[in-house]
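Participant: Quick one: this structure, given as structure tokens, is what I'll be asking you about.
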Amino acid sequence: MAMSFSDRSVVRDSLHDPCQYFGMIDLSPIIERIEALLNEGTDQSVTFAALEARMALEKVCYDRLRQRHDYISQAQLRKWQPGPLINILIKDVDQHLGQTVVVKIGKGEAVEGVTPPDEDFVELGTEMGFDPRRIAKHWNALSNLALHVRIPKDRKDSVPDYGDKIAIMNKVVEVVTELRKIAKGTMTFSGFGPTVSFVCKCGETNKRREKLLRDGQYIHCINADCKITWKAAKEDGGFGFEEVTTPVNCESCKTENHMPWRFYMDMKYDQYGTFSCLQCRHKNYVQWRLTQVAPITRDAAKE
Ligand SMILES: [Zn+2]
Ligand SMILES: [Zn+2]
């Protein structure tokens, strides 16, 4: 799909940091390495080629994430496997991620309401799309074929040293074809479209694509050291953001202290959390506790 922008500021928003388009991953040395290993043709080299190919798929997906990390925190990704990770990015950060995108910008100044003819646009670059399901399938197949030892069927079965060499080679060749296609891209983008931003209490600016923002959506601050979560609320003409907190009364002065919701959610069951009261500075301790409750009746469960 081609995206043409006569107004350059739209594109600038996605390319504000030079490393966002110059720092993309270079797949050619990786592809060469994999092919050299395949050419060696031993059980060991072919197994190693499968590992390199699997890592290459991860690198491709993680690089797409890195380019878009301003728009989502690591805490919110929940998944690290390439397929599900890309699906989260498509849903929350960049709906075009799976598609090949050619970006063109207008040569001259933009005039409102006027769409310049095709020849007045110059191509900026291409990002190659890929199907996250196919990437996930390849990634799983490589490990099934090459990176695990086959479990014996019964007592008479043997435990082989390596997987089936021919099957591994065929799969690696398939993945290399996929990598070559992706390597044709000349640029990578963080997505396009108007953004909504707000500054977290920690000072970090958080951005989201307006089109993908949902009413009531939780947004973890992108600062990895910050535990604050915000809730997006659709308002007239845009979005507002409110902090998601859990109130706990101070043990000493009973003042309600609003702590970031994730402060408690990230605590393990055997862990203590502490906070100093905002009012009297008393040090409070908290812990998850199992509580016995009355049986839940069918009617109560429905409510
Ligand atoms: Zn923050
Ligand atoms: Zn207090």
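The numbers here are math on the coordinates, done by the rules we state, and not lab data. In this text, all values refer to a predicted model and were calculated from it rather than measured experimentally. We place every Cβ from the backbone using ideal geometry, glycine too, and count neighbours over all the protein chains shown.
Participant: Please list, ordered by chain and number, the residues whose modelled amide H lies under 5 Å from the amide H of Gln217; skip anything fewer than 5 residues away on the same chain.
Facilitator: Under 5 Å from the amide H of Gln217: Ala232.
Participant: Please provide three numbers in whole Å: the alpha-carbon extents of region 129-193 along the principal axes, with the largest listed first.
Facilitator: Sorted largest first, the three principal extents are 61, 22, 13 Å.
Participant: Turning to a different aspect of this structure: Report the Cα centroid-to-centroid distance between region 226-261 and region 114-187 in angstrom, as an integer.
Facilitator: 43
Participant: Turning to a different aspect of this structure: Once the Cα gyration tensor of the chain is diagonalised, what are the square roots of 5 times its eigenvalues, in whole Å and ordered largest first, as equivalent ellipsoid semi-axes?
Facilitator: Numbers: eigenvalues 349, 244, 56 Å².
Each semi-axis is √(5λ); the values are 42, 35, 17 Å.
Participant: So what is the relative contact order for the chain, in percent, with contacts set as C-alpha pairs under 8 Å and at least six apart? Before the final figure, lay out each step's value.
Facilitator: On the way: 464 pairs, mean separation 54.9, N = 303.
That works out to 18 percent.
Participant: Calculate the tail of P(r) for region 193-282: the fraction of all Cα-Cα distances greater than 19 Å, expressed in %. Don't jump to the answer; show the numbers that get you there.
Facilitator: Numbers: 1991 of 4005 pairs.
Of the Cα pairs, 50 percent sit more than 19 Å apart.
Participant: For the chain, set up a Gaussian network in which alpha carbons nearer than 10 Å are linked by springs, and say which option among Ser190, Ser143, Ser158 fluctuates the most.
Facilitator: Top of the fluctuation ranking is Ser158.
Participant: For region 237-303, which chymotrypsin sites (Phe, Trp or Tyr not before Pro) are both in a DSSP coil and crowded by at most 14 other Cβ atoms within 10 Å?
Facilitator: Details: sites: Phe239, Phe241, Trp261, Phe263, Tyr264, Tyr269, Tyr272, Phe275, Tyr285, Trp288; in loops: Tyr269, Tyr272, Trp288.
Passing both the DSSP loop test and the Cβ count: Tyr269, Tyr272, Trp288.
Participant: OK, next. Out of all DSSP beta bridges with both ends in the chain, state the antiparallel percent to the nearest 5. Write out the running numbers ahead of the final one.
Facilitator: Values: 30 of 34 bridges.
Roughly 90 percent of the beta bridges in the chain run antiparallel, per DSSP.
Participant: Sum -39500 (n - 2.57) across every DSSP H segment of at least 4 residues in the chain, then divide by the residue count to get the 222 nm mean residue ellipticity, nearest 500. Before the final figure, lay out each step's value.
Facilitator: Numbers: 10 runs with 104 residues, N = 303.
Result for the chain, helices only: -10000 deg cm²/dmol.
Participant: Another question, then. Using a 10 Å Cβ count of at most 16 others and DSSP loop calls, identify the longest part of the chain lacking such trypsin sites (Lys or Arg not before Pro). Present the calculation step by step, with values, prior to reporting the outcome.
Facilitator: Details: sites that count: Arg78, Lys79, Lys107, Arg150, Lys153, Arg155, Lys156, Lys184, Lys201, Arg214, Lys254, Lys268, Arg281, Arg289.
With a cap of 16 other Cβ atoms within 10 Å, the longest stretch comes to 1-77.
Participant: Count neighbours as other Cβ atoms within 10 Å of each site's Cβ, and list the GluC sites (Glu not before Pro) in region 95-172 that are DSSP loop with at most 15 such neighbours.
Facilitator: Details: sites: Glu109, Glu112, Glu119, Glu123, Glu127; in loops: Glu109, Glu112.
Sites meeting the loop and neighbour criteria: Glu109, Glu112.
Participant: Right, next: Work out from phi, with θ = phi - 60° and the Karplus expression 6.51 cos²θ - 1.76 cosθ + 1.60, the ³J(HN,Hα) of each residue of region 41-48, listed in order in whole Hz, and give x for Gly and Pro.
Facilitator: So the J values, rounded to whole Hz, are x, 8, 4, 5, 5, 5, 5, 5.
Participant: Between Thr274, Thr195, Thr47, where does the largest GNM mean-square fluctuation fall for the chain, given springs only between Cα atoms within less than 10 Å?
Facilitator: Largest GNM mean-square fluctuation: Thr274.
Participant: Then there's this: For the pairs Lys79/Lys104; Lys91/Lys137; Lys137/Lys211; Lys171/Lys227; Lys59/Lys227, flag any whose C-alpha to C-alpha distance is greater than 31 Å. Write out the running numbers ahead of the final one.
Facilitator: On the way: Lys79/Lys104 33 Å; Lys91/Lys137 20 Å; Lys137/Lys211 29 Å; Lys171/Lys227 42 Å; Lys59/Lys227 27 Å.
Pairs exceeding 31 Å: Lys79/Lys104; Lys171/Lys227.
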